[in-house]
Amino acid sequence: MLEGPDITVANDLRGAHPIVQGWVKQDEDRRRAYRRDGLGTSGLEDLTSPLSRRRLRLTSAILKGLAAQGLTLGEDREWLTVGLGKDQVLFRLYGRNKIVQRPATKDELRWYPDRPTVRATVPAGDLILKIKDWLTIPTEYRELKVPLEQQLTTIVANLAAGVTEQAERRQARDREHERWLAAEAVRKKKAAHDKAASDLRDRLIAQAARRNEAEAIRAYVQAADASPAATGEDYAGWRAWALEQADAMDPLMDGSAPFERLPPIGDWDWRGW
């Protein structure tokens, strides 16, 4: 269990953390707007109830304790955020509810006369602090044995430790991503080398085939020289043309044989690290 500086809870909301002050002001403004528009406020959360006031005072104490450690604070919808740089942890403090059987109201009896009682969700009177993120530290704090006021020092220390844990996880992910990028670069380099080698081999095979065809033509001309046809008046012209064709397709004669080769690939580290 982590510990840190002792966290104390104020007796009232004077000097509360600015985030809590903002909640109170929003609630007051919302209630004034509802009353101005002739709307009922029964559906709004009652921030003046003893449990709500206690929740606000506890939240303010937690936020101040975290701010004292140089951590940044904010809101993400119904969650509070505590972080440092790119890393943050989400948490919230809320009242636990319970289901009870209560007497039906007159309006409820008018709709359901055979149901004298109804199931209703009501505040249980205690609070729960929940950390949204999965961490190795405890992520839920209840008032099973001791009130949250006596757990605040541990809660604040664990929230700060959670931010550190998130940073370590991000750094580990970044290192893993860098290793993946390095391995991917090696893979692409090898793939490019393999393709270049394949293309070079194809060119070599094509050049050898052209050389064989040229040699076949020359052998044919040599055989023709010893044949009776060699005495014809057109033979000399044909012979010159045939040898010209052989030279034209012979890569060793027309200068098209580059005698290429790839540099050795060297020692590859396939993992990239």
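Here are some notes:
- Filter result (of a type in the set (A, V, I, L, M, F, W, C) and touching a Phe, Trp or Tyr at 6+ places or on another chain (Cβ under 8 Å)) within region 170-221: A182, A183, V186
- For region 201-229, a tally of residues being exposed (fewer than 14 other Cβ atoms within 10 Å of the Cβ) and of a type in the set (A, V, I, L, M) returns 9.
Conditions (1) under 24 Å from P147 (Cβ atoms); (2) not β-branched (V, I, T), marked per residue:
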site: A33; (1), (2): no, yes
site: T59; (1), (2): yes, no
site: E78; (1), (2): yes, yes
site: R92; (1), (2): yes, yes
site: T105; (1), (2): no, no
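- Any hit, region 143-154, residues being on the phi < 0 side of the Ramachandran plot, surrounded by 11 or more Cβ atoms within 10 Å (Cβ to Cβ), part of a helix (DSSP H, G or I) and under 31 Å from the mean Cα position of the chain (by Cα): yes
- Scanning region 57-75 for residues that are within 27 Å of the chain's Cα centre (by Cα) and in contact (Cβ under 8 Å) with a residue 60 or more places away in the chain yields a total of 2.
- Contacts under 7 angstrom Cβ, first residue in region 162-187 being more than 17 Å from W134 (Cα to Cα) and exposed (fewer than 14 other Cβ atoms within 10 Å of the Cβ), partner hydrophobic (A, V, I, L, M, F, W, C) and at pLDDT below 95, 6 or more apart: R179/W273
- Residues (surrounded by fewer than 14 Cβ atoms within 10 Å (Cβ to Cβ) and part of a helix (DSSP H, G or I)) located in region 231-244: T231, A236, G237, A240, W241, E244
- Looking at region 8-113, the strands (runs of 3 or more DSSP E) lying wholly inside it that each contain 3 or more residues that are touching a Ser or Thr at 6+ places or on another chain (Cβ under 8 Å) and surrounded by 16 or more Cβ atoms within 10 Å (Cβ to Cβ) sit at 79-84, 87-103.
- Number of residues in region 127-142 that are closer than 14 Å to Q166 by Cα and part of a strand (DSSP E or B) equals 1.
- Check on P258, at pLDDT below 90, exposed (fewer than 10 other Cβ atoms within 10 Å of the Cβ) and of a type outside the set (S, T, Y): no
- From the options E108, E28, E78, residue that is among the charged types (D, E, K, R) and within 36 Å of the chain's Cα centre (by Cα): E78
- For T121, the stated conditions do not hold, so it cannot be described as β-branched (V, I, T), part of a strand (DSSP E or B) and touching a Leu at 6+ places or on another chain (Cβ under 6 Å).
Table: residues versus (1) closer than 30 Å to R170 by Cα; (2) in contact with an Asp or Glu (Cβ under 8 Å, 6 or more places away or on another chain); (3) at pLDDT below 90; (4) acidic (D, E).
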| position | (1), (2), (3), (4) |
| --- | --- |
| D6 | yes, no, yes, yes |
| R31 | no, no, yes, no |
| L39 | no, no, yes, no |
| A67 | yes, no, no, no |
| D76 | yes, no, yes, yes |
| F91 | yes, no, no, no |
| A104 | no, no, yes, no |
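- Only one of the numbered conditions (1) within 32 Å of the chain's Cα centre (by Cα); (2) under 24 Å from Y141 (Cβ atoms); (3) not basic (K, R) is violated by L51, and that is (1).
The values are calculated or read from the model by the stated rules, or taken from the named source; none is laboratory data. Keep in mind that this is a model prediction, so the values were computed, not measured. Methodologically, a virtual Cβ is constructed for each residue, glycine included, from the backbone with ideal geometry; neighbour enumeration extends over all protein chains shown.
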